[in-house]
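Chemist: Supplied in structure tokens, the structure appears directly below.
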Ligand SMILES: Nc1nc2c(c(=O)[nH]1)N[C@H]1C(S)=C(S)[C@@H](COP(=O)(O)O)O[C@H]1N2
Ligand SMILES: [Mo]
């Protein structure tokens, strides 16, 4: 309905001339609507097939994978966990689930694992290929039993920037995608602090900032309105990055 109104408004605007584009209501609607168009188009192009991000050969792994954003976590709690190999660390699954979980790293590693060699693309203009291993997010969601009202997964992180802790979110389509994994292993070794120890999200059809590092847990929610400033992620809230960062 919204799209039909928009198309009608665009048609009307073209008929009457485009001299005042910036002032017209439909221009604002187009800009606001661009993100959902992107999501619809990105998903729609697959005609119902699951769209997989490209995977590479182990021989194509980049010799150096830089750290970006926070590359250390400035918290006593985190430093204590790092010092003892994350043995008492727990990954929590809360919100709209039948069975809230608190999984140890050993438990995460005991689940069925997926290994994938993928390219990370950062909006700041660099890319790197690495091999990632961890359970699929879908496996953890199945264990927890997602309740019908859940529409988004919110990813909570141990690190903070000036305005508060980093966080991210995705919808159920990306959450259940086969290449969406919680990686504890990078290029065959434990994930280093630089790249998000002990656990980071790999959400391969989206840009770098969606790949939350230093995970502490996830929350299943109906709406993102009450999470942070309501835009679904730290950079979305504070610098206006798009929530849907499909590539
Ligand atoms: N918790 C947390 N996750 C994060 C960030 C961060 O600063 N904190 N930076 C994001 C950005 S912008 C990118 S490009 C990648 C960088 O991952 P890397 O440090 O492994 O290169 O992590 C993303 N996830
Ligand atoms: Mo990034």
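Chemist: Between the range 53-103 and the range 200-218, how far is it from one alpha carbon centroid to the other, in angstrom?
Modeler: The distance from the Cα centre of the range 53-103 to that of the range 200-218 comes to 9 Å.
Chemist: While we're here: Once every Cα of the range 70-159 carries one equal point scatterer and solvent is ignored, give the base-10 log of I(q)/I(0) from the Debye formula at q = 0.11, 0.13, 0.17, 0.19 Å⁻¹, two decimals.
Modeler: So the normalised log intensities work out to -0.44, -0.62, -1.02, -1.17.
Chemist: So which residue, out of 179, 206, 147, gets the largest mean-square fluctuation from a GNM of the chain using Cα contacts under 10 Å as springs?
Modeler: In the Gaussian network model the winner is 147.
Chemist: Sticking with this structure for a sec: Between 181, 218, 50, where does the largest GNM mean-square fluctuation fall for the chain, given springs only between Cα atoms within less than 10 Å?
Modeler: In the Gaussian network model the winner is 50.
Chemist: Ok, one more. I need 199, 103 ordered by Cβ neighbour count within 10 Å, fewest first.
Modeler: The most exposed by this proxy come first: 103, 199.
Chemist: Ok, one more. Assuming a ≥ b ≥ c are the square roots of the Cα gyration tensor eigenvalues, decide whether the range 133-185 counts as rounded (a/c under 1.5), prolate (otherwise, with a/b larger than b/c) or oblate.
Modeler: Here the range 133-185 falls in the oblate category.
Chemist: Pick from 104, 75, 160: which is most flexible by mean-square fluctuation in a GNM of the chain where alpha carbon atoms under 10 Å apart are linked?
Modeler: For the chain, modelled as a Gaussian network with Cα springs under 10 Å, the answer is 75.
Chemist: Arrange 45, 224 by Cβ neighbour counts within 10 Å, fewest through most, would you?
Modeler: By the 10 Å Cβ count, ascending: 45, 224.
Chemist: In what order do 64, 86, 155, 161 fall by count of nearby beta-carbon atoms within 10 Å, going from fewest to most?
Modeler: Going from least to most buried by this count: 64, 161, 86, 155.
Chemist: Next up: Add -39500 (n - 2.57) for each DSSP H run of 4 or more in the chain, then divide by its residues: what number comes out at 222 nm, to the nearest 500 deg cm²/dmol?
Modeler: Mean residue ellipticity at 222 nm (helix-derived): -7500 deg cm²/dmol.
Chemist: Once you sort the root eigenvalues of the Cα gyration tensor of the chain as a ≥ b ≥ c, which label holds: rounded (a/c under 1.5), prolate (a/b larger than b/c) or oblate (the other case)?
Modeler: In terms of gyration-tensor shape, prolate.
Chemist: Shape call for the range 28-123 from the C-alpha gyration tensor, a ≥ b ≥ c root eigenvalues: rounded (a/c under 1.5), prolate (a/b greater than b/c) or oblate?
Modeler: prolate
We did not get these values from a lab; they are worked out from the coordinates using the rules stated. As the structure is a computational prediction, the values presented were derived from the model and not from experiment. Virtual Cβ from ideal backbone geometry, glycine too; neighbours counted across all protein chains shown.
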